[in-house]
Amino acid sequence: MRWWGWGDPGHGPALSAHTLELLRETVGTSDTPRPPVALDAVRLPQTRLDRDALAALAAIVGAGAVRDDHAERVAHAAGKGYVDLVRMRAGTPAGAPDAVVLPDGHEQLRAVLELCASRGLAVVPFGGGTSVVGGVEPLSGDHAAAIALDTRRIAQISALDRESRIVTVGAGMRGPDLERALQAEGLTLGHWPQSFEYVTLGGCAASRSAGQASSGYGSIAKLVLGLRMAAPAGDIAPAPMPASAAGPGLRELIVGSEGTLGVIDEVSLRVRRAPERRTYEGVMFESFDAGVQALRAMAQEHAMPEVARLSDAAETRMSMAMAGGGGLKGRLGRVYLGARGRGERSRIGQQTERCIAILGFEGDADEVKSRRGRARGLVRHNGGVALGGSPGRAWLQGRFQAPYLRDDLLSHGVMVETLETATRWSNVERLHDAVADAIERALAGEGTPGIVMCHVSHLYETGASLYYTFIARQREGSEIEQWRAVKRAASEAIVTGAGTITHHHAVGRDHAPWLAREIGERGVAAIRALKAELDPAGIMNPGKLLP
Ligand SMILES: Cc1cc2nc3c(=O)[nH]c(=O)nc-3n(C[C@H](O)[C@H](O)[C@H](O)COP(=O)(O)OP(=O)(O)OC[C@H]3O[C@@H](n4cnc5c(N)ncnc54)[C@H](O)[C@@H]3O)c2cc1C
């Protein structure tokens, strides 16, 4: 993974000349390229761990598994959010772990936690490091130093119960490694976040992630049946049960705990038979409202697709514009890229209010056929038209590519950021508009009017997620203040508009100020009490989750 961006160097797509031109005309781009600094130029604070502490850690995990070299500290200095990338590319991360420690299993992990608790060292669990909410920022809180506890050596499949369809894996196992192993058994987990190529299963569980196919397969919270968490005070390990009435759900307290209670080192997950049939297709609706009603009906009337993504008009226009002069564009009519505020949106005309949706169905051939048939009926009922398989196949093929483009945009002085929420169906359209307005106004207020796009995804019977992407010219020299103003406005609009502060990116550092508004002061106090029990010295991931 590139330390300053996404993916393997040399991998992934670049922005087309056409898209760049489009951005230059709409939001504006930098006159001169803004490449990342060289690795050597990244400024890190001196490590605060003395020889004695390093030796004590090495005595547990082995000398090669305690790393305090520049490259390893840089690689663990931040996650992959916009702010992280801005700082890393400038060579000025907010901090760095004093060392990176790599235990190889439960025994070593326990011993490391005990050592850190006794010496007052903060522990930041680090899976794939793909957090976009500041979840792996190496904060030490009140402690003398902070280690990044990297789980990559705890990455084996320890059991596969084929009959019950439960797999148990080490928390550091990467998404693609597990999926490959399951496929060899004719099985799948069905968890594909956009960051799939790099996430770990422990990180997904700790951050309550949702894959792109969560409408059908369920988010990780539904896929995790049991897990083991090593907390400084001791282990806690709800067993993988199909269901249980043995008191409140301990599993639920661990899933989403974001490394603040302990380190998850083992996860048991529900798996399914790999699908016999995968059918992905595009449909077009006359309006966002019509698309929302169709998706709601699918979710409520036994026609739920595995993947359902309805782009609003702005996102539809952007995908068409980026696709250039392809066939779809012809079917849509002339494409305008609405930018610089809602005023211009209203000039765009009726036909460009159309919204594209991608629907993906996976499963047994007969079952897919009948579910898809019902879904198509609901699309037609809401005035939608089928666009055929090519938009669906194109989406499926490019589903993990967008993060590579973000790096390119940053090199051209363009800010691109995403945020997400969820709300009940009766509030989806209201919240959609309120958050889009808040982002647009905040960008304009920063003197950098931008493009705000959204899609509905992750469907439930009772509601859905709204996922926003916004693009604007970076305010060079004050990129983070610019971001902060927009983030604050969007978060306020979300919590006052009856949305959750996060549907799947987790709380981390960025959303912590809004947590009490959602779960109440008593709710926050209850989590604090649990933390005091499991992590009495407060060494686990300081500054995250709790305000
Ligand atoms: C381009 C991009 C696309 C993304 N798309 C999605 C998406 O589609 N859906 C989605 O849900 N998220 C998405 N994310 C966010 C991120 O990938 C998820 O939050 C993911 O679950 C993090 O997994 P990870 O292994 O990288 O965890 P990390 O980033 O390493 O850690 C996440 C949090 O969990 C803690 N943690 C990590 N491992 C453990 C452990 N074993 N025990 C206890 N705590 C631990 C960390 O301290 C941190 O607080 C995306 C991120 C990026 C950069």
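Bear in mind that the values in this text are calculations on the coordinates, not laboratory data. Fair warning: this is a prediction, and the values are worked out from it, not measured in the lab. Cβ coordinates were reconstructed from backbone atoms using ideal geometry, including for glycine residues, and neighbour counts include every protein chain displayed.
Some observations on this one:
- Meets criteria (of a type outside the set (A, V, I, L, M, F, W, C), in a loop (DSSP other than H, G, I, E, B) and under 22 Å from residue 237 (Cβ atoms)) for residue 110: no
- Put simply, of 157, 147 the only residue that is away from the ligand (no atom under 14 Å from the Cβ) and touching a strand residue (DSSP E or B) at 6+ places or on another chain (Cβ under 6 Å) is 157.
- Odd one out for residue 237 among (1) among the small types (Gly, Ala, Ser); (2) crowded, with 22+ Cβ neighbours inside 10 Å; (3) closer than 30 Å to residue 118 by Cβ: (2)
- Taking first residues from the range 523-547 that are of a type in the set (Val, Ile, Thr) and partners that are within 16 Å of the ligand (Cβ to nearest atom), the Cβ contacts under 6 Å between residues at least 6 apart in sequence or on separate chains come to 539/116; 539/117; 539/122; 539/123.
- Any chance residue 243 is more than 8 Å from the ligand (Cβ to nearest atom), among the small types (Gly, Ala, Ser), in a loop (DSSP other than H, G, I, E, B) and in contact with a strand residue (DSSP E or B) (Cβ under 8 Å, 6 or more places away or on another chain): no
- Residue that is nearest to the ligand (Cβ to nearest atom), among those in the range 386-436 that are over 18 Å from residue 289 (Cβ atoms), in a helix (DSSP H, G or I) and of a type in the set (D, E, K, R): 406
- Subset of the range 117-144 that is near the ligand (Cβ under 8 Å from one of its atoms) and not aliphatic (A, V, I, L, M) - its residue that is farthest from residue 193 (Cα to Cα): 125
- Residues located in the range 366-397, provided they are under 26 Å from the mean Cα position of the chain (by Cα) and free of Cβ contacts under 8 Å to residues at least 40 places away in the same chain: 394, 397
- Yes/no for residue 175 being within 21 Å of residue 275 (Cα to Cα) and within 11 Å of the ligand (Cβ to nearest atom): yes
- Screening residue 238 on (1) more than 14 Å from the ligand (Cβ to nearest atom); (2) more than 30 Å from residue 108 (Cβ to Cβ); (3) in contact with a helix residue (DSSP H, G or I) (Cβ under 9 Å, 6 or more places away or on another chain) shows it passes everything except condition (2).
- Within the range 113-139, restricting attention to residues that are over 23 Å from residue 504 (Cβ atoms) and within 24 Å of the chain's Cα centre (by Cα), the residue that is surrounded by the most Cβ atoms within 10 Å (Cβ to Cβ) is 123.
- Single residue of the range 74-89 satisfying the filter (under 18 Å from residue 418 (Cα atoms) and in contact with a Pro (Cβ under 7 Å, 6 or more places away or on another chain)) that is nearest to the ligand (Cβ to nearest atom): 78
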